[in-house]
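What follows is a short report on a single structure.
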Amino acid sequence: MPRLSVRGFDIHKGCLDAAAQSDILEALRPVLRRAPLTTPETRRGQKLSVRMSAAGELGWTSDRRGYRYEPRHPRGTPWPAIPDPVLRVWTRVTELEHRPDSCLINYYGADARMGLHQDRDEADLSWPVVSISLGDDALFRIGNTTRGGKTESIWLHSGDVVVMGGEARLAYHGIDRIRFGSSRLLPKGGRINLTLRVAG
C-alpha cells in the first residue's frame, strides 16, 4: 500500500480494504448504541459541527468546563470497549505492544469541519495518535507545531490511516471539508473518523 510522509505525518493510503472497512463499521454499531453520538460545545457555549462519541477507558469531551478526558459518556455510562478490528489497525501501523486506552469517534455530516488544533490533552505525548478514515473523502490540513505559517492539505479517502507521532505529534491539523456522498460505505453519507490514543 502507498505510504506518504507529509511533515512527519505517516499517511497509509488504502490501508484498509473494503472488507476491513465494513468489519470496523459493523463493530462500531453496538458501541454507538451504548454510547450515542453527541454534539459537544465549547467553553463559550458554541456547538461543534462534528458529532462525537468514544470507546475505551477514556473519552474526550468538551463543554462549559473545558476540554478533557472523562471515563463516562455524558449520560453517565462507562464507555464501551474498543472493538478488536480497530485495535488491530493500531498494532498494524504502529507495531507497538502497548494498546490505546481511548478511541474517539467523530462523525462528519455534509457541513461539518474541524478547525486547526493540537492533540495535547493526553498525559504522555510520546505515544502516537492513529487516525482511521471511513466514508466520505475529507480534506486534511496539516500545519506547524505553532499557530500560523504555511500549511499543506491532502485528501483522505475511506480506508486511509494516518499516524501522528514524533515531530508530527503536536502539529496543528484539521479537516476543512468533506466531499459529501463520495463514498457508499455509510448508507446516509458522511465520514467517520476514529482516533486511537494513549490518553491516561
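The values are calculated or read from the model by the stated rules, or taken from the named source; none is laboratory data. A quick note: this is a predicted structure, and the numbers were derived from the prediction, not measured. No Cβ is skipped: glycine too gets one built from the backbone with ideal geometry, and neighbour counts run over all protein chains shown.
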request  = May I ask you to verify whether Ala35 is over 23 Å from Asp124 (Cα atoms), in contact with a Pro (Cβ under 9 Å, 6 or more places away or on another chain) and of a type in the set (Gly, Ala, Ser)?
outcome  = yes
query = Is segment 173-184 home to any residue that is among the small types (Gly, Ala, Ser) and either touching a Cys at 6+ places or on another chain (Cβ under 7 Å) or within 21 Å of Ala54 (Cβ to Cβ) (or both)?
reply = yes
task = Assess whether Val130 counts as being in contact (Cβ under 8 Å) with a residue 60 or more places away in the chain, aliphatic (A, V, I, L, M) and in a helix (DSSP H, G or I).
result = no
query = When both residues are 6+ apart or on different chains and their Cβ atoms are under 6 Å apart, which pairs have a first residue that lies in segment 135-154 and is within 21 Å of Arg179 (Cβ to Cβ), and a second that is part of a strand (DSSP E or B) and among the small types (Gly, Ala, Ser)?
reply = Leu139/Ser153; Arg141/Ser153; Arg141/Gly174
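What tally of residues in segment 1-40 results from selecting those that are in a loop (DSSP other than H, G, I, E, B), free of Cβ contacts under 8 Å to residues at least 40 places away in the same chain and among the basic types (Lys, Arg)? Break it down into steps so the answer makes sense when it comes.
To start, the set of residues in segment 1-40 that are in a loop (DSSP other than H, G, I, E, B) comprises 1-2, 7-8, 13-17, 35-37, 39-40.
Remaining after also requiring free of Cβ contacts under 8 Å to residues at least 40 places away in the same chain: 1-2, 36, 39-40.
With among the basic types (Lys, Arg) added as a condition, the list becomes none.
Selection size over segment 1-40: 0.
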inquiry  = hydrophobic (A, V, I, L, M, F, W, C), over 23 Å from Leu156 (Cβ atoms), touching a strand residue (DSSP E or B) at 6+ places or on another chain (Cβ under 9 Å) and surrounded by 16 or more Cβ atoms within 10 Å (Cβ to Cβ): is that true of Trp79 in this structure?
reply    = yes
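Quick check on Asp124: is it within 17 Å of the chain's Cα centre (by Cα) and either of a type in the set (Asp, Glu) or modelled with pLDDT under 95 (or both)?
Working: within 17 Å of the chain's Cα centre (by Cα): no; either of a type in the set (Asp, Glu) or modelled with pLDDT under 95 (or both): yes.
No.
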task = Quick one: Ser183 ticks every box in (1) part of a loop (DSSP other than H, G, I, E, B); (2) modelled with pLDDT under 95; (3) not aliphatic (A, V, I, L, M) except a single one, so which number is it?
result = (2)
remark   = For segment 88-111, pairs from a residue that is without any contact (Cβ under 8 Å) to a residue 40 or more places away in the chain to a residue that is part of a loop (DSSP other than H, G, I, E, B), with Cβ under 7 Å and 6 or more apart or across chains, are none
key: Residues (charged (D, E, K, R) and exposed (fewer than 14 other Cβ atoms within 10 Å of the Cβ)) located in segment 122-149   = Asp124, Arg147
remark   = Pairing a residue in segment 188-200 that is within 27 Å of Gly166 (Cα to Cα) and part of a loop (DSSP other than H, G, I, E, B) with any residue that is at pLDDT 95 or above and among the polar types (S, T, N, Q), where Cβ atoms lie under 8 Å and the two sit 6 or more apart in sequence or on different chains, gives Val198/Ser102; Ala199/Ser102; Gly200/Ser102
task = Among the residues of segment 58-68, write down those that are within 20 Å of Ile192 (Cα to Cα) and in contact (Cβ under 8 Å) with a residue 24 or more places away in the chain.
result = Leu58, Gly59, Trp60
